[in-house]
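Input: a single structure, listed below in structure tokens.
The values are calculated or read from the model by the stated rules, or taken from the named source; none is laboratory data. Since this is a predicted model, take the numbers as computed values, not measurements. Counting neighbours? That spans all protein chains shown, and the Cβs are built from the backbone with ideal geometry, glycine included. SASA here: full protein model, heavy atoms, side chains in, ligands and nucleic acids out. Shrake-Rupley method; radii C 1.70, N 1.55, O 1.52, S 1.80 Å.
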Amino acid sequence: MPQKPHLTFVVAMAENRVIGRDNGLAWHLGSDLKRFKAATLGKPMIMGRKTFLSIGKPLPGRETIVLTRDPSFSVEGVHVTSSLEAALAKGEALAASLGVDEITVAGGGDVYQQLMDRCDRIIMTYVHAAPDGDAFFPAFEHLNFKETAREDHPAGPRDDHPFTIVTYKRQINGT
Ligand SMILES: NC(=O)c1ccc[n+]([C@@H]2O[C@H](COP(=O)([O-])OP(=O)(O)OC[C@H]3O[C@@H](n4cnc5c(N)ncnc54)[C@H](OP(=O)(O)O)[C@@H]3O)[C@@H](O)[C@H]2O)c1
């Protein structure tokens, strides 16, 4: 019996937990977009309707699963689901057909909050800034996540701020 795929959150959060503003990002970090692509390519990716509309189209090389309660929502090339269970079931089916052991979650704040209990791994970009915003990443520091990798990045020519990428894995049974 194949194991359930891991659920990996991919997120960029500022020092005040802001992840977005006015249905967009609150910064430009060209270098971090590369990390986002590398983390999500070839895997099913779950996101909320607001995040999907802020991106505006399905990203190439990823099977996009959009959560919405709007029964009329339909976009070519996107899997539309109306509950967390349906999104996860679709993610599992797509992961099996793609031969991968991971489903990614690309936000936003609402969806991260609801799926945090099931999250196995977080690929976190800490943005070294504190911009105004209206979407936030939920608290996870009290949960049983262990840091497994960390990389500091100075701001490059296409970056508004320096940032640090940290990978966390959830510990199960003290492992
Ligand atoms: N920095 C980052 O890494 C990052 C990543 C992603 C997004 N963002 C930012 O975050 C913001 C968007 O986040 P958000 O929290 O406002 O919205 P969101 O999580 O992207 O989308 C929320 C929408 O998803 C649907 N939804 C949520 N839970 C559902 C459920 N259980 N069943 C069915 N549908 C469900 C609903 O759509 P309907 O209203 O259609 O029913 C809901 O309004 C934007 O500013 C975006 O740029 C930042």
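So which residues in the range 89-107 are open to solvent by 20 Å² or more (accessible area, probe 1.4 Å), in contact with a Ser or Thr (Cβ under 9 Å, 6 or more places away or on another chain) and either within 12 Å of the ligand (Cβ to nearest atom) or not hydrophobic (A, V, I, L, M, F, W, C) (or both)? Listed by number, the list holds a single entry, 90. Looking only at residues of the range 108-134 that are small (Gly, Ala, Ser) and in contact with a Phe, Trp or Tyr (Cβ under 7 Å, 6 or more places away or on another chain), we find that the one that is farthest from the ligand (Cβ to nearest atom) is 129. Set side by side, the residues 121, 158 differ, and just one is open to solvent by 30 Å² or more (accessible area, probe 1.4 Å), closer than 17 Å to residue 39 by Cα and not polar (S, T, N, Q), which is 121. On the stretch given as the range 26-55, residues that are more than 16 Å from the chain's Cα centre (by Cα), more than 10 Å from the ligand (Cβ to nearest atom) and open to solvent by 20 Å² or more (accessible area, probe 1.4 Å) total 2. Within 8 Å of the ligand (Cβ to nearest atom) and open to solvent by 30 Å² or more (accessible area, probe 1.4 Å), is that true of residue 23? In short, yes.
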